[in-house]
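Only one structure is covered here, and it is reproduced in the block below.
The values are calculated or read from the model by the stated rules, or taken from the named source; none is laboratory data. Fair warning: this is a prediction, and the values are worked out from it, not measured in the lab. Every residue, glycine as well, gets a Cβ built from its backbone with ideal geometry; the counts of neighbours run over all protein chains shown. Areas reflect the complete protein model, heavy atoms only, side chains present, ligands, DNA and RNA absent. Shrake-Rupley method; radii C 1.70, N 1.55, O 1.52, S 1.80 Å.
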Amino acid sequence: VNAWIGNRVEVDRSLLAISAGAIGLLVTLLFSSSKVSHCIFFLFISSTIIFLLTIIIILFIFHVNASVIRNIINKEQSTDKNEIMALKIKINDQNKKLSGLDILNIIFFIVGLLLALSGGIGSSFVLS
């Protein structure tokens, strides 16, 4: 279980770092080039927004992860059967939410990456 949680957190951290770096790179490319078509501008801005949404989702995932860990600790320390059952249900609901957020996060990241690649390829044709 610890390895699974650690792996999930590492994937989220990696996506957070790559998304933040991509935003910096896209903003630099956008403002350093004098010849940017409206289409390329749209692709870069869209990609930046998608990467920003990816970061926001990751920060929300970190928040929910902390809540899950807190509930697991409370469940382990509790002696009341009703409280343990309520915490199990809450943990299951939070895990379902995390699974959905992970899928959404990966989709947003891939879309942001594709938009950035499209903008980069398009700008290379405009600049050449």
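Going residue by residue through segment 77-100, is there one that turns out to be in contact with a helix residue (DSSP H, G or I) (Cβ under 9 Å, 6 or more places away or on another chain), surrounded by 15 or more Cβ atoms within 10 Å (Cβ to Cβ) and either on the phi > 0 side of the Ramachandran plot or not in a helix (DSSP H, G or I) (or both)?
Checked against the condition, which is being in contact with a helix residue (DSSP H, G or I) (Cβ under 9 Å, 6 or more places away or on another chain), surrounded by 15 or more Cβ atoms within 10 Å (Cβ to Cβ) and either on the phi > 0 side of the Ramachandran plot or not in a helix (DSSP H, G or I) (or both), segment 77-100 yields no hits at all.
Can you tell me how many residues in segment 97-113 are more than 16 Å from I56 (Cβ to Cβ) and at pLDDT 95 or above? Explain how you work it out, then say what you get.
So the first thing to find is which residues in segment 97-113 are more than 16 Å from I56 (Cβ to Cβ), and the list is 99, 110, 113.
In the following step, the residues that additionally are at pLDDT 95 or above were identified as 110, 113.
Number of matching residues: 2.
Restricting the search to segment 3-48, which residues are open to solvent by 30 Å² or more (accessible area, probe 1.4 Å) and of a type in the set (D, E, K, R)?
R8, E10, R13, K35
Kindly evaluate I56 against the criterion of being farther than 28 Å from F125 by Cα and modelled with pLDDT of 95 or more. Even if it seems obvious, please write down each step before you answer.
Numbers: farther than 28 Å from F125 by Cα: yes; modelled with pLDDT of 95 or more: yes.
For I56, the condition - farther than 28 Å from F125 by Cα and modelled with pLDDT of 95 or more - is met.
So C39 fits all but one of (1) in a loop (DSSP other than H, G, I, E, B); (2) in contact (Cβ under 8 Å) with a residue 60 or more places away in the chain; what number is the exception?
Condition (1) is where C39 drops out.
Among the residues of segment 49-64 satisfying the criterion of being of a type outside the set (A, V, I, L, M) and open to solvent by less than 30 Å² (accessible area, probe 1.4 Å), which is farthest from L114 (Cα to Cα)?
That would be T54.
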